[in-house]
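This report concerns only the one structure given below.
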Amino acid sequence: MNHMDRQIRVAILGCGTIGSELATFIDSDECQQAQVSALYDLDQSRSISLRNKLLSNPRVTESIEEILLDADVSLVIEAAGPDAIQSYSKDIVLAGKHLMVMSVGGLLHGDIYAELDSIASESGSQIFVPSGAVGGIDAIKACRDQLDVVILTTKKHPDTILDISVGNIKKDSDRKYPREIFYGTALDAVKRFPFNINVAATISLAGIGPIRTMVKIVADPQVSGNVHEIYASGSSGIMRFTMENIPHPENPRTSYMAILAAIETMKHSSGRGIRIGT
Ligand SMILES: NC(=O)c1ccc[n+]([C@@H]2O[C@H](COP(=O)([O-])OP(=O)(O)OC[C@H]3O[C@@H](n4cnc5c(N)ncnc54)[C@H](O)[C@@H]3O)[C@@H](O)[C@H]2O)c1
């Protein structure tokens with residue numbers, strides 16, 4: 001199918017690792033229903049470099065406002081960071097566009113989640129939050145009212161952890177590993193580790209909320225990739241999920257799994273056909 005015949009026009013907000021991978025998927029023959037029509041990144045050289053790799057020749061915009069005013073764009077994929085959620089998400093949904101959120105931690109700040117939900121109900125927009133780098137979201141969502149305990153334990157190489165209260169956590173030869181560097185609520189976890197722990201936000205939004213969902217972060221130089229273990233229990237039973245994810249070669253904080261999950265969400269975003277899973 002010619003790119004111009006594809007129905008859904010997509011804008012990519014943030015042309016880094018995830019934005020580029022998703023744009024490349026949409027541009028491919030595998031995705032028949034959408035085309036990338038606009039790109040925005042604070043660093044315009046990234047938008048330009050991505051545009052040069054795509055067949056659909058999308059417009060490189062200089063501001064998010066250009067995307068908001070583009071009536072052809074129906075879906076904005078955010079792959080920029082939690083600040084972008086704060087700054088742009090409400091305007092995107094107010095403009096009647098659908099939104100896919102990758103920086104899920106940004107949804108836990110202030111009242112933004114409730115506000116977006118209310119604006120989307122008014123504007124008819126859908127907001128997609130892919131399950132990201134973890135499995136089990138469908139099960140947690142299905143029995144959220146029966147759950148008493150949800151604990152996420154994330155193990156990462158210390159060099160890939162960015163704690164904004166202290167900066168990059170480098171492997172320190174004077175310390176013993178594995179080392180627990182955080183235990184607290186999902187809400188506090190996303191505030192301190194905004195680029196590492198989006199999965200905590202996703203699990204908490206699917207389940208028992210960001211204050212009751214507990215998160216443990218372990219720095220471990222021996223783990224290869226990003227390991228996420230979920231334990232959930234309640235009157236419906238006990239669940240344990242473990243993911244050992246391969247990091248993306250260009251950004252070791254991002255699991256390749258998160259990109260695959262977003263592609264799967266993208267495939268079903270038009271809401272047609274058979275949908276497997278909750
Ligand atoms: N949901 C999940 O499971 C999951 C998994 C991995 C990463 N993430 C999150 O997805 C987001 C993107 O990850 P990535 O690996 O592609 O990061 P990346 O650093 O490779 O790319 C981010 C891009 O966004 C741009 N950017 C940053 N702030 C911006 C803004 N306000 N407006 C416009 N552009 C902006 C940057 O210049 C960069 O090009 C991050 O927030 C990351 O934490 C989510």
* Asked: Build a GNM of the chain with springs between Cα atoms under 10 Å: which of LEU55, LEU108, LEU205 gets the top mean-square fluctuation?
  -> LEU55
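Of TYR231, TYR40, which has the most accessible area with a 1.4 Å probe, and how do the rest follow in descending order? Before the final figure, lay out each step's value.
Numbers: TYR231 75, TYR40 25 Å².
Most to least solvent-accessible, the answer reads TYR231, TYR40.
Assuming R0 = 30 Å, what is the FRET efficiency of LYS141 and ILE246, from their Cβ-Cβ distance, to the nearest 0.05? Intermediate results must be reported in sequence, preceding the final value.
Numbers: r = 25 Å, r/R0 = 0.85.
Efficiency for this residue pair is about 0.75.
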* **Where a label projected 7 Å from the Cα of LEU55 along Cα→Cβ would reach, residues of region 22-47 with amide N under 13 Å** => 24-36
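Could you work out the relative contact order of region 137-251? I mean the mean sequence separation of Cα pairs under 8 Å and 6+ apart, divided by the number of residues, in percent.
38
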* Asked: Which FRET efficiency value, to the nearest 0.05, do you get for ILE151 and GLN32 by plugging their Cβ-Cβ distance into 1/(1 + (r/R0)^6) with R0 = 45 Å?
  -> 0.65
* To do: In nm, give the distance between the simple-model label positions of GLN126 and SER235, each being 7 Å from the Cα along the Cα-to-Cβ direction.
  => 3.3
* Run the quick spin-label model on ARG175 and ILE112: label points 7 Å from Cα toward the beta carbon, then report their separation in nm to one decimal. => 2.7
* Asked: What are the GluC sites (Glu not before Pro) within region 54-151 that DSSP puts in a loop, where the Cβ has at most 15 other Cβ atoms within 10 Å?
  -> GLU62
* Asked: Normalised by the residues of region 1-141, what does the relative contact order come to in percent, with Cα pairs under 8 Å and at least six apart?
  -> 21
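What FRET efficiency comes out for ASP220 versus ASP43 if R0 is 45 angstrom and r is the Cβ-Cβ distance? Round to the nearest 0.05.
Values: r = 32 Å, r/R0 = 0.71.
The pair ASP220/ASP43 has a calculated efficiency of 0.90.
At 222 nm, what value in deg cm²/dmol follows for the chain if DSSP H runs of at least 4 each add -39500 (n - 2.57) and the sum is divided by all its residues, to the nearest 500?
Details: 9 runs with 83 residues, N = 278.
That comes out to -8500 deg cm²/dmol.
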* To do: Run through every distinct alpha carbon pair of the chain and return the Kirkwood hydrodynamic radius in angstroms, one decimal place.
  => 19.4
* To do: Evaluate the distance, in nm, between pseudo-label points positioned 7 Å from the Cα of GLN7 and of GLU62 along their respective Cα→Cβ axes.
  => 3.5
* **Derived scalar couplings ³J(HN,Hα) [region 79-87; Karplus, 6.51 cos²θ - 1.76 cosθ + 1.60; whole Hz; x for Gly, Pro]** => 9, 10, x, x, 5, 5, 4, 4, 7
* Structure fact -> For LYS191, counting only lysines whose alpha-carbon sits under 29 Å away and dropping same-chain residues fewer than eight positions off, the answer is LYS90, LYS97, LYS141, LYS155, LYS156, LYS170, LYS171, LYS176, LYS216
* Asked: Under 12 Å from a point 7 Å along the Cα-to-Cβ line of LEU162: which residues of region 207-246 have their amide N that close?
  -> none
* What per residue convex hull volume, in Å³, do the alpha-carbon atoms of region 133-190 yield? -> 109
* Note down the relative contact order for the chain as a percent, whole number, built from C-alpha pairs under 8 angstrom at least six residues apart. => 17
* Report the trypsin sites (Lys or Arg not before Pro) located in region 29-74 that are in a DSSP loop and have at most 15 other Cβ atoms inside 10 Å of their Cβ, or state none. => LYS53
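The values are calculated or read from the model by the stated rules, or taken from the named source; none is laboratory data. Note that the structure is a prediction, hence the values are computed from the model and not measured. Heads up, the Cβs are rebuilt from the backbone with ideal geometry, glycines too, and the neighbour counts pull from every protein chain shown. Areas reflect the complete protein model, heavy atoms only, side chains present, ligands, DNA and RNA absent. Shrake-Rupley method; radii C 1.70, N 1.55, O 1.52, S 1.80 Å.
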